[in-house]
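> Questions regarding the structure given below will be posed in turn.
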Amino acid sequence: MFSRLVLLLPGSVNYAKFDHFFQENDYIIAVDGGIEHSLPLNIEPNLWVGDFDSCKLESKTQFAHVPTEVFPTDKDLLDTEIALSKTKDLNVHECVMIGGMGGRLDHQLSLFMLLTNHPKLQFMHTDGETELYSLNNTIERTIKADSFKHVSIIPITTLEDVSISNVKWPLHNVILKPGKGFSISNEPTEKFIHYSQSKGLGWLVLTN
């Protein structure tokens, strides 16, 4: 029985931030060139998926022992979407995406919007520097934030009854609409911040 789906995505990663991060019952999928994170992170993927257009040629030999699912380059889905389709079979409700930041903007925005197709799946997306946490309808989250300077709430849909504490500008039961800057660049004031809402989809973003 697995508790989390972990996706290794192509892109730069600060590996030092992942000491003691992985759990014994993680199901790890390397997405195309994301396989190259497995050695620095000292983990073994359960599966390797993609069209293999972003991985190094030597990786195909080096990781030939990892079970693969190969898809054509001309397809209607992102490789990450294909990996996320495994959540139904695994019966998991939490997904960690490692990497996938700082590359092509269209890919980054597509990853940002994946929450709309998986509204019940709790996401964390990080490259070891920035951390994004999904806000899924009725939710309460306590998040370690003392190593970050800024915390922002970014609505995808209208967020209702939003409350956030242990920040410079607390909010209590407010409505946040997409496209407004009201909830950008808050500042943590304690080791942990507390967040809750009753409705809507969005992201809580921690940056320096």
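The values are calculated or read from the model by the stated rules, or taken from the named source; none is laboratory data. The structure displayed is predicted, hence computed values, not measured ones. Glycine gets a Cβ as well: all are built from the backbone with ideal geometry, and neighbour counts include every protein chain shown. Ligands, DNA and RNA are excluded from the accessible area calculation, which covers all protein heavy atoms including side chains. Shrake-Rupley method; radii C 1.70, N 1.55, O 1.52, S 1.80 Å.
> How many of the residues in region 75-100 are among the basic types (Lys, Arg) and farther than 12 Å from residue 27 by Cβ?
Qualifying residue count, region 75-100: 2.
> Which residues, counting only those in region 106-124, are at pLDDT below 90 and open to solvent by 50 Å² or more (accessible area, probe 1.4 Å)? Break it down into steps so the answer makes sense when it comes.
The initial filter retains those residues of region 106-124 that are at pLDDT below 90, namely 107-108.
Result: 107, single match.
> While we're here: From 129, 94, which residue is in contact with a helix residue (DSSP H, G or I) (Cβ under 8 Å, 6 or more places away or on another chain), surrounded by 13 or more Cβ atoms within 10 Å (Cβ to Cβ) and charged (D, E, K, R)?
On the way: 94 fails: in contact with a helix residue (DSSP H, G or I) (Cβ under 8 Å, 6 or more places away or on another chain).
None of the others qualify; the one that does is 129.
> Next question. All but one of (1) over 26 Å from residue 129 (Cα atoms); (2) open to solvent by 60 Å² or more (accessible area, probe 1.4 Å); (3) of a type outside the set (Ser, Thr, Tyr) hold for residue 66; which doesn't?
Evaluating residue 66 over (1) over 26 Å from residue 129 (Cα atoms); (2) open to solvent by 60 Å² or more (accessible area, probe 1.4 Å); (3) of a type outside the set (Ser, Thr, Tyr) leaves (2) as the failure.
> For region 1-104, list the helices (runs of 4 or more DSSP H) that sit wholly inside it and hold at least 2 residues that are modelled with pLDDT under 95 and of a type in the set (Asp, Glu); which are they?
Numbers: elements: 38-41, 57-62, 79-84, 87-90.
Where helices (runs of 4 or more DSSP H) fall fully within region 1-104 and carry at least 2 residues being modelled with pLDDT under 95 and of a type in the set (Asp, Glu), they are 79-84.
Condition check ((1) open to solvent by 40 Å² or more (accessible area, probe 1.4 Å); (2) more than 23 Å from residue 100 (Cβ to Cβ)) across all residues:
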{"site": "135", "(1), (2)": "no, no"}
{"site": "142", "(1), (2)": "yes, yes"}
{"site": "149", "(1), (2)": "yes, no"}
{"site": "155", "(1), (2)": "no, no"}
{"site": "160", "(1), (2)": "yes, yes"}
{"site": "168", "(1), (2)": "yes, yes"}
{"site": "175", "(1), (2)": "yes, yes"}
{"site": "184", "(1), (2)": "yes, no"}
{"site": "200", "(1), (2)": "no, yes"}
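> Can I ask one more? Just to be sure, is residue 191 open to solvent by 60 Å² or more (accessible area, probe 1.4 Å) and without any contact (Cβ under 8 Å) to a residue 24 or more places away in the chain?
Values: open to solvent by 60 Å² or more (accessible area, probe 1.4 Å): yes; without any contact (Cβ under 8 Å) to a residue 24 or more places away in the chain: no.
Judged against the criteria, residue 191 is not a match.
> Checking the conditions here, which among 19, 76, 89 is over 30 Å from residue 200 (Cα atoms), of a type outside the set (S, T, N, Q) and surrounded by fewer than 17 Cβ atoms within 10 Å (Cβ to Cβ)? I'd like the intermediate steps shown before the answer.
On the way: 76 fails: over 30 Å from residue 200 (Cα atoms); 89 fails: over 30 Å from residue 200 (Cα atoms).
The conditions single out 19.
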